[in-house]
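J.: Before anything else, here's the structure in question.
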Amino acid sequence: MRLDLPQPLGSPTRRQWLQSGSALALGGLLPGFAGIARADDTWPNKAVRFVVPFAPGGSSEIVARSTAVELSRTLGQSVFVDNKPGAAGNIAMSEVARSTDQHTLILGHIGTLAVNPYIFAKLPYDANKDFKPVSLLAKVPSLYVVHPDVPAKNLKEFIAYAKSKPGKLSYGSAGNGSAGHLAFEYLKMTSEVFMLHVPYRGTGPMVTDLLSGRLDASAIGAAAVIPFIKAGKVRCIATGSAKRLAQLPDVPTVAEQGFPGFEMTQWYGMLAPANITPAQLAKLSTETMSAVKSPESMRRLTGDAAEAVGGTPEQFAQFIASEQARWQKVIARAGIKPD
């Protein structure tokens with residue numbers, strides 16, 4: 001026989017006792033849980049470092065600084081850009097991959113995420129495991145340009161001219177595996193032309209030789225080459241964008257000139273170290289999308305012929321996977337190796 005004894009006034013019920021016991025277990029035995037929650041609620045609680053794995057200047061600088069300015073406003077903490085160039089971006093990527101500071105972020109790029117894993121025999125980071133995608137930030141179209149001495153006014157004429165001189169025309173890039181190298185190899189593979197690749201150590205010296213006529217052609221990010229196109233120092237025969245650029249309304253895309261579906265853009269996104277918490281990642285993603293899509297950010301990017309994108313971590317992860325699949329094939333077929 002069970003006896004239901006009356007409980008003293010004010011004593012806890014069994015359910016209340018179990019609930020309080022659970023709270024003690026979480027609060028006393030696992031005190032870190034409460035600390036994590038508070039850290040997520042207050043994150044970021046200091047300045048955020050946004051690492052760019054390239055030298056100052058160019059499209060990466062434009063995208064990173066535009067994002068940092070607006071993200072400082074949306075996060076309520078200073079976001080500063082830290083350029084750490086070297087080894088095709090591998091130095092900076094490796095450092096952030098090992099970082100335990102959740103206030104350190106990095107600018108992901110077509111090269112560091114979709115190219116380096118397939119041209120280097122061994123990388124000091126894992127592009128898919130050492131980082132958490134935050135958001136795709138922007139796309140910068142590659143422009144296919146030629147020296148004015150090349151007798152081609154459009155892509156069709158250029159391809160015909162190149163085929164009439166197999167292996168005699170040269171194109172330059174910022175280095176083996178660079179975005180410009182990939183852009184031209186992709187065009188060569190699609191149009192079945194053969195040209196000599198001349199790799200340089202950076203866009204600057206390559207552009208100098210293109211302007212002087214030592215090179216016949218190149219594929220360059222729009223922001224870096226539009227001033228030379230406007231000045232008549234190089235001729236743009238096609239854009240790699242999905243649609244024509246407002247800055248060059250008379251220049252058709254590659255797709256318009258006989259290659260449907262062709263698109264070649266340099267793209268940039270934000271990554272966080274893999275140890276960022278889900279709550280921190282969610283907050284960072286939301287605020288980053290707000291920053292990228294802000295009127296001021298879009299004005300800056302559009303002014304440099306860049307397209308503001310944005311998107312969720314899941315969308316960015318899917319985009320990276322699709323780009324890796326595409327460029328793995330191009331790299332294998334072209335036999336691209338690092339410098």
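The values are calculated or read from the model by the stated rules, or taken from the named source; none is laboratory data. Please read these numbers as outputs of a predicted model, since none were measured by experiment. Cβ sites come from the backbone with ideal geometry, for glycine too, and all protein chains shown count toward neighbours.
J.: Consider the stretch 78-90. How many of its residues are modelled with pLDDT under 95 and not basic (K, R)?
T.: Of the residues in that region, 7 qualify.
J.: Can I ask one more? What are the pairs, 6+ residues apart or on separate chains, where a residue within the stretch 316-333 that is closer than 16 Å to S178 by Cα has its Cβ under 8 Å from a residue that is among the β-branched types (V, I, T) and part of a helix (DSSP H, G or I)?
T.: Every condition considered, the pairs that remain are E323/I110; W327/I110; W327/V115; I331/V115; I331/I119.
J.: Now, a different point. For the stretch 158-176, name all the residues that are of a type in the set (G, A, S), within 29 Å of the chain's Cα centre (by Cα) and either outside the structural domain of V145 (by TED's automatic domain parsing) or surrounded by fewer than 24 Cβ atoms within 10 Å (Cβ to Cβ) (or both).
T.: S170, G175
J.: Which one of the conditions (1) within 17 Å of the chain's Cα centre (by Cα); (2) within 25 Å of S290 (Cβ to Cβ); (3) at pLDDT below 95 does S142 fail to meet, given that it meets all the rest?
T.: Unmet for S142, out of (1) within 17 Å of the chain's Cα centre (by Cα); (2) within 25 Å of S290 (Cβ to Cβ); (3) at pLDDT below 95: (2).
J.: Kindly provide the set of residues from the stretch 170-184 that are over 19 Å from F54 (Cα atoms) and at pLDDT below 90, ordered by number.
T.: The answer is none; no residue qualifies.
J.: Does the stretch 285-339 hold any residues that are closer than 12 Å to S66 by Cα, among the polar types (S, T, N, Q) and assigned to a helix (DSSP H, G or I), and which are they?
T.: T288, S297, T302
J.: Let me confirm something: among S135, S99, S94, which residue is in the same structural domain as A274 (by TED's automatic domain parsing), among the small types (G, A, S), in contact (Cβ under 8 Å) with a residue 12 or more places away in the chain and in a strand (DSSP E or B)?
T.: S135
J.: Still on this model: Any residue at all in the stretch 217-226 that is exposed (fewer than 13 other Cβ atoms within 10 Å of the Cβ) and not assigned by TED's automatic domain parsing to the domain that holds S59?
T.: No - not one qualifying residue is present in the stretch 217-226.
J.: Same structure, new question: Which numbered condition trips up W267, out of (1) surrounded by fewer than 19 Cβ atoms within 10 Å (Cβ to Cβ); (2) not in a helix (DSSP H, G or I)?
T.: (1)
J.: Here's something else I'd like to know. Given the criteria over 28 Å from V225 (Cα atoms) and either surrounded by fewer than 22 Cβ atoms within 10 Å (Cβ to Cβ) or of a type outside the set (F, W, Y) (or both), does S285 qualify?
T.: Yes.
J.: Against the conditions (1) under 26 Å from A64 (Cα atoms); (2) buried (at least 17 other Cβ atoms within 10 Å of the Cβ); (3) in contact with a Gly (Cβ under 7 Å, 6 or more places away or on another chain), where does L248 fall short? Just the number, please.
T.: Condition (3) is where L248 drops out.
J.: In the stretch 41-48, is there at least one residue being closer than 17 Å to A179 by Cα and modelled with pLDDT under 90?
T.: No: zero hits.
J.: Looking only at the stretch 179-198, count every residue that is in contact (Cβ under 8 Å) with a residue 60 or more places away in the chain and surrounded by fewer than 16 Cβ atoms within 10 Å (Cβ to Cβ) and tell me the total.
T.: 1
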